Amino acid sequence: MENDKKIKVVITKVGLDGHDRGAKIVVSLLKEAGMEVVYLGMFNQVEDIVQAVVDEDADVLGLSYLSGEQLIFTPKIVEEMKKNELDDVLLIVGGTIPVEDIPLLEEMGVERVFRAGSLSSEFVEYIEKNIKK
Amino acid sequence: MMENNIDEMVRKLLDGDRRMLARTITLVENGRKGHRNVMRQVYPHTGKAMIVGITGAGGAGKSTLTDILIAKFRKMGKTVGVVLVDPSSPFTGGAMLGDRIRMKKHAQDKGVYIRSIASRGTMGGLSRATYDIIRIIEAFGVDIIIVETLGTGQDEIDIVHFAHTCLVVFTPGMGDDIQAMKAGILEIADLIIMNKADLEGAETFIRHLKGAVTAADIPEGAWVPKVLPSICVSDKPANIKGQDEIIEAIYEHFAFLHKSKSLDAIKFQRLELELGLILNSELQNLIFKGLKGTGLKKKYINAILGGENDPYSVVREILDTYVLHRKDA
Amino acid sequence: MSQIEEIKADDARTEEEDWEEYLKGYYEKPNSFKTWSGLDTNEIYTPGDLDREKHYKEKVNDAGQYPYTRGIHANMFRGRLWTKREVVGIGSPADTHARLKYLAEQGGTGLNTIADVTYEMGLDADHPWALNEVGLTGVNITNIKDMETLTKDIPLDKVSWSLITAAPSATATMAQYIAVAQGAGYDIAKLRGSVQNDPIHFGYCGFKPASPLDLALKLGCDVMEYCTLNMPKWYYTTVNMYDLREQGITAIQEVAYGFGIAMCYVDELVRRGLHVDQFGPRFSFYVACHIDIFEEIAKIRAARRMWAKFMKEKYGATKANAMHFRFAVHTSGCSLVPQQPLNNLIRVGYQALSAVLGGVQSLHCCSYDEPICLPTESSHLQALRTQQILAYETGVTNVADPLGGSYFVESLTDKIEEKIEEAMAEIDSVGGMYEAIRTEWLDRKLEDEALLRQKEIENGEKLIVGVNIFKSPMEEKTPLGVQRVAAESGQQQINDVKEQKRLRNWDKLMVTMRKLRDDAVAGKNTLPAMIEATKANATTGEMIGTVREVHGYHYDPMEVIDSPFDFS
C-alpha cells in the first residue's frame, strides 16, 4: 500500500514574540498546497520546538520572527537540531528580516529566508523542490 | 529501505529510541517499502497498553481534556503515548494539525510521546495506518495510549473498535446533534463527557443524557455508560475539575472489562477489524499491481460508463482472473 | 536559417514582444474599482448621491458641531497642529531615554514610549523567559528606578507623554509614572499625556496568558477610574483599533470591533458609578490609516459621527467633549513591505495625508523600515520629517475637513457608517463584544479575514508594487542601515533589576504588597496601592502577579515562577 508521501511541516513562533498572524496564514496556505502542517503557536522554547520536530518526524521546520529575535534564537535552534541529528530537516525562516541578516542566517544553517511580502507560490515551490527526505 | 535497516530500526525502536519511533511511524504511515516487515516484527510486542479513545465534535475541548488527562496519568507514574488525528482536506489533501498546541506542558517530558497525524481522506475517521501507529507506540512501550479523533457523525468514531475505553465529549449547546445520534452514542461511548459543564444548559443536558442511559435497553451484565461533567477550559486552576473522576471511571471500566471477560471479546473484535482492514488493502494492492500496465482498468471503467457492463460483474471477473485463477495455478 | 539569422529573428521577436508589453501598459486600466475594504465605487459621484439639504445639518454639520463629522474643533489645525509623535522603545530605559531626547531635539512634540513584550506580559527583566527578549521591541520597566531613568531631566508637567503599555501591566505603568512624578514633587492633576491601557485588545492579539478577559477589564478600568477622579488632563485609555486592523480586517470592521471593545470599558465605568460626562472627555482611540486614501478619511468621519451619537443617545452625554471621538493615528505597518523598501516612504506619506485630512489629533508615522527592523535613528528622523513636511509645507492645515461636501467622500462616509452598523449588529448577534472575545469568535473572525487579505494579494486582486507587480531583485542592503539592540543593553537591565531586588527593604515592601492584595480581594481600585508598592520598590511582575493570584490565575503568566510573597 504505497501512498503519496505528504510533506510534513512544523511551523512555530519562538520565545515571546506575539505576532502570529503571518505564521497562521502560512499554515493555511501550506495546508492548501497539500501539506500536513503542525502548528506550535506562540511561546515556545528552543528545546520544545526541536523535540516536536523529532516526535513529528517533520520534513520542514519553519520559524517565524517579527520582533527581531532571529539572530538570537536561530543559532540555538540549529545547535539543538544538530544534537538531535536532524540534518535532514529543511530549516526555513520567515518574517521581518533585514537583508543583512540573510547571509548570517544562511551561515548558521538556515536554508532559505522568506521575508514579509513573500507569496505562497514562492515558498510552496521552494519546499516541494528542496525537502531532503 | 534495506531489510537489515528495518531490523535495525525495529531493534532501536524496541530499545526505546524515540527518534526511531518517530521515523518508523512515518514509514508505516506512508506505506513505504518495508512497512509490512516493520509491522510483522513489531506485532509480538503489542497488546500491553491501555488504549483510551477520545472523540467528539470540533470545539468540544477534546485536546484540552487530553492535555489534563496526560498530566494526571503522568502523576500516577504512567508513561503516555498520544495520537492526535485531524482531518485531511478532501480538496487539497493537506491538513492543519493544531492540537499539539494545547499540550505544551509535556513538551520536555520524556514519558510522553505525542504524534499528530492526518486522516488522509479515510472514510470512517481512522485509517489502517492509524491502527498500525498505535501498535508501534505500544511496542515502543508506553502504559497508556490516548487516541484523539474528530467525531462528527456515527461513521467517524470507529476508534471504539480499537480502544479499551471510549470517551465521547460533548458541550452544552450540542443538544440538537445529540438528539440525532442518541442511540449511536450509547453504543459507542463507555464514558459520556459533558465538557464546559460551567456553561448554561449543562445541567439540563446532563439530565437528558442520564435519562437516555436509563431508558436504554442495556443487556444485563453489560457496562452502563457513565455521564460525567468536566471543566477544563478555564484559565483559573481552581475552576478546572472533573478529570479525576474521569480517570477513575476509565480504570473502573478497564476493571469491568477484566472481570466480565469482555477484554477477550474486545481483543477478538479488534483483530477481526484489523484483519479485515489489512486484507482489504493488501488485496486491493495485489490486484491493482496485477492490472498495472495492462490497460484493463481503463477498459473496465469505460465499459461500465458505456453501459455495457456493471461494477459487480467487473469485480467478479477481476477476482476470477487475478485471485481465484492464481490460486488454481 | 543560419545561426546568425536565427539570433536576429529571435531579437526581432523579443523586441516585438517588448513593444507588445509596452502597448499593454499604455492602455492599462485599473484592475479593480473597489475600495481596499471591498466596497464598490461609482464612476462619478454627483449631487444625486446625497440629499444635501437634509444631509448637511443632520449628518455632517460644521466642524465643532454635533455630530462632529467634520472635526471635533471648529478651527481644527488653525487652533493647534496635531501632536507629532514617534514611538520609541529600544534596549534599556537609558537607551530609550537617549532616543527620546534626540527626537525631542529634532522637533517631535510628543513623547511616546512603547513597552517591550516582556513588560507587556508583566514579566520582570529577570524572569527566565525574558532573558533574550528584554528591550528587543520596546522598553521594559521593572521597577521605579527604571521609570526614573526613562523620564530623567524631562519636565513632566510641561510635556505630553504617551505611555504605550496595552496589557493589564498598564496599571503598573501608570503606578510607576505617578510614583515618579509624585516623588519629583509634581501635582499629578496637572500631568498631560496618555496611557494606552487597552488590556482587552491584548488578549486577542495573541497574548492570552497575560490578559485574561475579566482581569483585563478590572485592571484597565481601575486606571480609567483613578485618572478620571485624580488626573483630569490624562487620557487614560487609547482603545487600540489599530492593532485590530493590522490583524487583516477591513476599515469597517476596525471601527465596529473597536467600538465594541470601547463600550466594554464605558459600560464598566458606568457600572462603577461614573457619569459619561465625567470620563467621556478623556476617552481616546488609536486608529490605523491604511493605503486607500478616501476610504480611510471616510472611515474617520463616520467614526466621529457614530461615537458622538452613541455617547449622546446611548449613554446620555450632555457635555460636547464627552461626545468627541479623539484619536491618534498610526500609519499602517502591515501595508509596508521589505521589497523595494524606499517605496514605504511614499506609502507612509499618503497614509499620513489621509490621517491629517481626516482631522487627526496625534500622529505617528511608521518608519520606512517597519517591515525590516526596529527604526534606526535616521529612519525615525525621516518619519518625523514626513510629518513636518505635511504640517509646514503642504497647506493641508489651513482648512477644517477640506473634503467635506465632496459628493464622493460624503457618500462613502454614509456607506461606511451603514456597513459599520451591520458589523456591530453581527457582534450583537453573538452576545456582544465581551462574549465574542470570550468565546474566541473574534479570534476566528480575525483569522479568516487575514487569510482573505493574503489571498487577495496572491490572486492579484490587490496590487502591491514590488510584491505582485513591478518586482525587482532583492536589494543588497537596507538603505539607512539596520537597527540592532545590543545584547549588553538588556543584560545590564537584568543585572540592575536583580541588584535592586536584593537591596530593597523587604518589610516595607511587604506592608505595601499586603495592602495591594487586600484591596484586590476587597474589589477596590488597585492603582493607589500599586503606587505605594512601586515607591517601596515592588516590581511590575510582583504587582500584576499578586492581583492575578487574587483573581484565581497563576502568579506568573508563563507559569514558571511562583509568588515570592507569603501573605499568610
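The values are calculated or read from the model by the stated rules, or taken from the named source; none is laboratory data. What you are looking at is a predicted structure, and each value in this text was computed from that prediction instead of being measured. Cβ placement follows ideal geometry from the backbone for every residue including glycine, while neighbour counts extend to all protein chains displayed.
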Worksheet item: Got at least one residue in segment C:206-220 being more than 14 Å from every other protein chain (Cβ to nearest Cβ) and crowded, with 24+ Cβ neighbours inside 10 Å?
Response: yes
Item to complete: Take the residues in segment A:29-59 that are more than 7 Å from chain B (Cβ to nearest Cβ) and in contact with a helix residue (DSSP H, G or I) (Cβ under 6 Å, 6 or more places away or on another chain), then tell me which one is surrounded by the most Cβ atoms within 10 Å (Cβ to Cβ).
Response: A:50
Worksheet item: Given the structure, is residue A:18 away from chain B (no Cβ under 14 Å) and more than 14 Å from the chain's Cα centre (by Cα)?
Response: yes
Worksheet item: Could you list, in sequence order, the residues of segment B:233-268 that are among the small types (Gly, Ala, Ser) and surrounded by 12 or more Cβ atoms within 10 Å (Cβ to Cβ)?
Response: B:234, B:242, B:249, B:260, B:262
Item to complete: Examine segment C:334-354 for a residue that is aliphatic (A, V, I, L, M) and within 17 Å of residue C:253 (Cα to Cα), and state whether such a residue exists.
Response: no
Worksheet item: Among the residues of segment B:94-131 satisfying the criterion of being assigned to a loop (DSSP other than H, G, I, E, B) and within 14 Å of residue B:29 (Cβ to Cβ), which is modelled with the lowest pLDDT?
Response: B:122
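Quick one: would you say residue B:20 is in a helix (DSSP H, G or I), of a type in the set (A, V, I, L, M, F, W, C) and touching a Lys or Arg at 6+ places or on another chain (Cβ under 6 Å)? Steps first, answer last, please.
Numbers: in a helix (DSSP H, G or I): yes; of a type in the set (A, V, I, L, M, F, W, C): yes; touching a Lys or Arg at 6+ places or on another chain (Cβ under 6 Å): yes.
Here the answer is yes, as residue B:20 does meet what is asked.
Among the residues of segment C:136-165, write down those that are among the aliphatic types (A, V, I, L, M), under 26 Å from residue C:82 (Cβ atoms), touching a Ser or Thr at 6+ places or on another chain (Cβ under 7 Å) and more than 14 Å from chain A (Cβ to nearest Cβ). Let's see the steps before the verdict.
Going through segment C:136-165, the residues among the aliphatic types (A, V, I, L, M) turn out to be C:136, C:139, C:141, C:144, C:147, C:150, C:154, C:156, C:159, C:163-164.
Subsequent filtering for residues that are under 26 Å from residue C:82 (Cβ atoms) retains C:139, C:150, C:154, C:156, C:159, C:163-164.
Going one step further and asking which of them are touching a Ser or Thr at 6+ places or on another chain (Cβ under 7 Å), we end up with C:139, C:150, C:163-164.
Correct list: C:150, C:163, C:164.
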Response to the item:
For segment C:530-562, the count of residues that are acidic (Asp, Glu) and part of a loop (DSSP other than H, G, I, E, B) equals 3
Worksheet entry | Checking residue C:474 against (1) among the hydrophobic types (A, V, I, L, M, F, W, C); (2) within 11 Å of chain A (Cβ to nearest Cβ); (3) surrounded by 15 or more Cβ atoms within 10 Å (Cβ to Cβ), the condition it does not meet | (3)
Worksheet item: Give me the pairs: first residue in segment B:245-265 and within 12 Å of residue B:164 (Cβ to Cβ), second residue of a type in the set (Asp, Glu), beta-carbon distance under 6 Å, and six or more apart or on different chains, which are they?
Response: B:253/B:190
Worksheet item: Scanning for something modelled with pLDDT of 95 or more and among the β-branched types (Val, Ile, Thr), does segment C:503-515 turn up at least one residue?
Response: yes
Worksheet item: Which condition does residue B:36 not pass, out of (1) outside the structural domain of residue B:191 (by TED's automatic domain parsing); (2) within 18 Å of the chain's Cα centre (by Cα), if it passes all the others?
Response: (2)
Worksheet item: Does residue B:134 satisfy the condition of being at the interface with another protein chain (Cβ under 8 Å from one of its Cβ atoms) and assigned to a helix (DSSP H, G or I)?
Response: no
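Being closer than 18 Å to residue B:250 by Cβ, under 24 Å from the mean Cα position of the chain (by Cα) and modelled with pLDDT under 85: is that true of residue B:193 here? Don't jump to the end; show me each part of the working.
Working: closer than 18 Å to residue B:250 by Cβ: yes; under 24 Å from the mean Cα position of the chain (by Cα): yes; modelled with pLDDT under 85: no.
No; evaluated as a whole, the condition is false for this residue.
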Worksheet item: Can you pull out the residues in segment C:476-529 that are within 16 Å of residue C:219 (Cβ to Cβ), hydrophobic (A, V, I, L, M, F, W, C) and part of a loop (DSSP other than H, G, I, E, B)?
Response: C:522
